[in-house]
Amino acid sequence: MKKFLVLYRAPNSSFEQMKNTTPEQQKAGMDAWMSWSQSAARLIVDMGAPLAKSLRVAKSGDASPITNDLGGYSILQAESKEALAAALKGHPHFMMPEGFIDVVELMPIPGM
């Protein structure tokens, strides 16, 4: 099985909108994630976590905050990107307004 970095993304306005949900809506979202994680257990290598604000570090060592559309990540496994994409149909991240998911194959490092 191949491993994939799965990036949960959406416009910043969508993340702001989600911050204003009620406790009941937040619980429903977490329940959907827990249900998905149980049904997809064979795919999960590392469930991952939400991601906080980013800091870009330049070659000079200077660091500055940046805005991006990353909300979280997981490490999943499947036979191919296409097989994983099919398994992500109905994923709870799609409850996020304008949410989308990027799937990136993790390539082995030769000699390691």
Exercise. Is it the case that some residue within the range 56-66 is at pLDDT below 95, assigned to a helix (DSSP H, G or I) and either in contact with a strand residue (DSSP E or B) (Cβ under 6 Å, 6 or more places away or on another chain) or surrounded by 15 or more Cβ atoms within 10 Å (Cβ to Cβ) (or both)?
Worked result: no
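Is at least one residue of the range 2-25 touching a helix residue (DSSP H, G or I) at 6+ places or on another chain (Cβ under 7 Å), surrounded by 13 or more Cβ atoms within 10 Å (Cβ to Cβ) and of a type in the set (Gly, Ala, Ser)?
No: zero hits.
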For this session: Starting from residues that are closer than 17 Å to residue 50 by Cα and touching a strand residue (DSSP E or B) at 6+ places or on another chain (Cβ under 6 Å), keep the ones in the range 71-100 and report whichever is surrounded by the fewest Cβ atoms within 10 Å (Cβ to Cβ).
Result: 100
Exercise. Does the range 79-108 hold any residues that are under 16 Å from residue 9 (Cβ atoms), part of a helix (DSSP H, G or I) and free of Cβ contacts under 8 Å to residues at least 60 places away in the same chain, and which are they?
Worked result: 85, 94
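Condition check: in contact with a helix residue (DSSP H, G or I) (Cβ under 7 Å, 6 or more places away or on another chain) and of a type in the set (A, V, I, L, M). Does residue 40 satisfy that? Talk me through it step by step, then tell me what you get.
Numbers: in contact with a helix residue (DSSP H, G or I) (Cβ under 7 Å, 6 or more places away or on another chain): yes; of a type in the set (A, V, I, L, M): yes.
Spelling it out, residue 40 is indeed in contact with a helix residue (DSSP H, G or I) (Cβ under 7 Å, 6 or more places away or on another chain) and of a type in the set (A, V, I, L, M).
Yes/no matrix, rows are residues, columns are (1) modelled with pLDDT under 95; (2) within 16 Å of the chain's Cα centre (by Cα); (3) under 16 Å from residue 106 (Cβ atoms); (4) part of a strand (DSSP E or B):
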{"position": "17", "(1), (2), (3), (4)": "yes, no, no, no"}
{"position": "28", "(1), (2), (3), (4)": "yes, no, no, no"}
{"position": "42", "(1), (2), (3), (4)": "no, no, no, no"}
{"position": "45", "(1), (2), (3), (4)": "no, yes, yes, yes"}
{"position": "68", "(1), (2), (3), (4)": "yes, yes, no, no"}
{"position": "73", "(1), (2), (3), (4)": "no, yes, yes, yes"}
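The values are calculated or read from the model by the stated rules, or taken from the named source; none is laboratory data. Quick caveat, the model's predicted, so the values are computed rather than measured. Note that we place each Cβ from the backbone using ideal geometry, even for glycine, and neighbour counts take in every protein chain shown.
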